[in-house]
1. Rounded to whole Hz and in sequence order, give me ³J(HN,Hα) for the stretch 286-295 from the Karplus expression 6.51 cos²θ - 1.76 cosθ + 1.60, θ = phi - 60°, writing x for Gly and Pro.
2. Would you mind checking the tilt of helix 226-236 against the longest principal axis of the Cα atoms of the chain, expressed as 0 to 90 degrees and rounded to 10?
3. List the relative contact order of the stretch 44-190 as a percent without decimals, with contacts defined as Cα pairs under 8 Å and 6+ residues apart.
4. At 0.36 nm per residue, and after removing the present C-alpha to C-alpha distance, how many nm does the segment from E135 to T170 gain when stretched out fully?
5. Given the options L157, C204, L283, identify the residue whose Cα lies farthest towards the positive end of the charge dipole of the stretch 155-292 (+1 on Cβ of Lys, Arg; -1 on Cβ of Asp, Glu).
6. Sort the following peptides by mean Cβ neighbour count (other Cβ atoms within 10 Å, averaged over residues), highest first: 212-225, 175-188, 265-278.
7. With unit charges on the beta carbon (Lys/Arg positive, Asp/Glu negative), name the residue among L484, S370, T57 whose Cα is farthest towards the positive pole of the charge dipole of the chain.
8. Could you please state how large a percent of the accessible area of the stretch 208-322 is carbon and sulfur, counting protein chains only and using a 1.4 Å probe?
Amino acid sequence: MLWLCIQFPKLPLEVLTRAQRDGTQAHAQAVVEQQLIVDANRTAAERGVETGLTIATACALCADLQLLQRDTQREEQQLQQLAQWGYSFTPVVSPQAAGSVDAGDVHFACLYLELSGCLKASGGLKPLLQQLHRELRQMRISAFMGLGHSPSAARMLSLLPEHRQWLKETQTPPSPQQWRQWISFSPSKLLDCDNKTIAKLYACGIKRVSQLLAIPLSEVGSRFGRGFVEYLARLNGTRHDPVPSYQPPPEFHSELFFPSPLDNSEQLLFPAARLVRELCQQLQRRQLYSHQLRWKLDFGQQGCKVFSVEVSRPMLDPQRLIALTKLQLERIQLEQPIQAVSLTCDQLLPLEQNQLDDDLFGKNTQVQRSHQLLDKLKARLGHQALSGVTLKESYLPEQAWASADTLVLQSNHSKKGHQLQPINAPRPTWLLPRPDKLQSREHKLFYRGEIRLLQGPERIDGYWWQHGRHGRDYYLARGEEGGLYWVFQDLTSEDWYLHGVYG
């Protein structure tokens with residue numbers, strides 16, 4: 001097996017600052033927890049602020065240091081989002097959260113990916129690693145990687161600078177002999193154990209893993225315990241190294257936090273576009289889609305505002321989704337500064353081939369344009385401003401349709417199952433809510449003057465088992481002013497009625 005360990009050393013800082021543009025990174029910022037510095041950006045580090053310092057010492061070194069409280073919940077959410085991103089490359093993914101705050105312990109949040117089953121689809125090891133690095137940079141997530149035959153080996157080698165440099169240049173995975181050499185070459189301080197064990201190793205003069213492996217396991221067990229021996233076996237690959245398997249939820253969620261709250265909706269376009277691109281990348285790889293994008297604007301203690309962007313058919317083009325989101329943002333009046341923005345898709349559905357808008361010259365082009373127009377109208381005017389018409393199973397014209405909440409367009413080739421087919425007969429564009437009785441004198445019909453029958457009859461007879469017979473003979477008629485009418489004679493009462501007007 002081929003395991004890749006991706007470690008995220010700056011995750012406590014980046015979950016709070018990755019929404020910022022490059023120009024705002026010049027401010028010195030640091031993340032604090034339990035009165036200690038957990039992480040600091042480059043500007044703060046250049047002025048002496050580093051992990052483990054107290055807040056008083058850090059502020060003495062950097063007077064204008066911006067302190068951000070660590071948010072472990074946001075870190076966990078971001079790690080789950082990164083796990084969904086990793087799942088779009090390989091089905092074997094395992095996220096591991098960061099350890100507790102300890103100045104001497106290097107234990108970052110990380111992600112394990114098993115790559116042996118996806119190298120061919122990705123074009124090989126080097127193209128896959130390049131794509132992983134590129135997309136992490138786009139997400140503003142710092143990471144370093146290690147490759148190993150087990151998760152434990154991959155994690156330790158990810159901390160070895162020589163291995164990371166080799167990983168940037170290699171074209172193929174290393175052989176088992178090369179892995180053993182990398183592990184033997186590694187310093188003992190990179191082993192995944194507590195600081196007390198590391199100090200004990202150095203006290204015994206064991207500074208390299210090769211020195212440790214040269215000692216009989218019985219002596220290692222007597223000095224460091226059975227758990228340490230089992231860890232070495234997993235590191236060497238002589239014992240199975242299980243990690244919990246990750247199963248992505250049937251939804252998408254990603255959030256960006258603003259250390260300096262935003263006070264107008266135009267500033268939201270840049271972070272919103274980043275979230276949409278992350279969504280589309282995952283949907284394309286996993287062959288999924290969603291009909292609704294739910295945005296949440298978090299005002300902190302002042303509450304939040306939620307709005308949705310709906311699409312009529314599967315859409316994986318980020319530019320179109322960003323344009324629809326922009327139309328929605330233009331309608332929003334912000335009364336409070338925005339502390340965070342999140343994008344959620346509550347339901348992800350499997351994408352079928354005939355649902356894609358990829359027919360460039362076929363009959364579906366006009367349908368695509370119609371869907372795009374509907375989506376823009378809903379984004380600009382609101383969902384409640386649009387309504388449509390749907391067919392019902394009834395022969396009576398006034399009961400053969402009903403008002404729908406929204407407009408639905410379908411191309412002919414996408415219809416499945418039982419579909420109601422409209423009657424292939426001339427029908428008026430305006431149907432009266434209730435038939436209007438006509439005057440009849442000397443076998444002539446009158447409605448704003450005399451009207452003459454032109455075409456018919458068309459017999460419609462339905463619901464004879466309910467409330468008596470509903471038989472009607474419909475005719476096309478013309479009035480004195482040239483208007484065309486749709487009239488019928490009731491077969492039971494023999495009265496005449498006007499039911500529709502042609503445009």
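The values are calculated or read from the model by the stated rules, or taken from the named source; none is laboratory data. None of these values were measured; they are calculated from a predicted model. Positions of Cβ are backbone-derived with ideal geometry, glycine not excepted, and every protein chain shown enters the neighbour counts. All accessible areas refer to the heavy atoms of the entire protein, side chains included, with ligands and DNA or RNA removed. Shrake-Rupley method; radii C 1.70, N 1.55, O 1.52, S 1.80 Å.
1. Result, rounded to whole Hz: 8, 6, 10, 8, 9, 8, 9, 10, 9, 9.
2. 70
3. Rounded, it is 13 percent for the stretch 44-190.
4. Working: separation 35, 0.36 × 35 = 12.60 nm, distance 1.95 nm.
Extra length from E135 to T170 when fully extended: 10.7 nm.
5. The residue sitting most towards the positive pole is C204.
6. 265-278, 175-188, 212-225
7. T57
8. Roughly 48 percent, rounded to a whole number.
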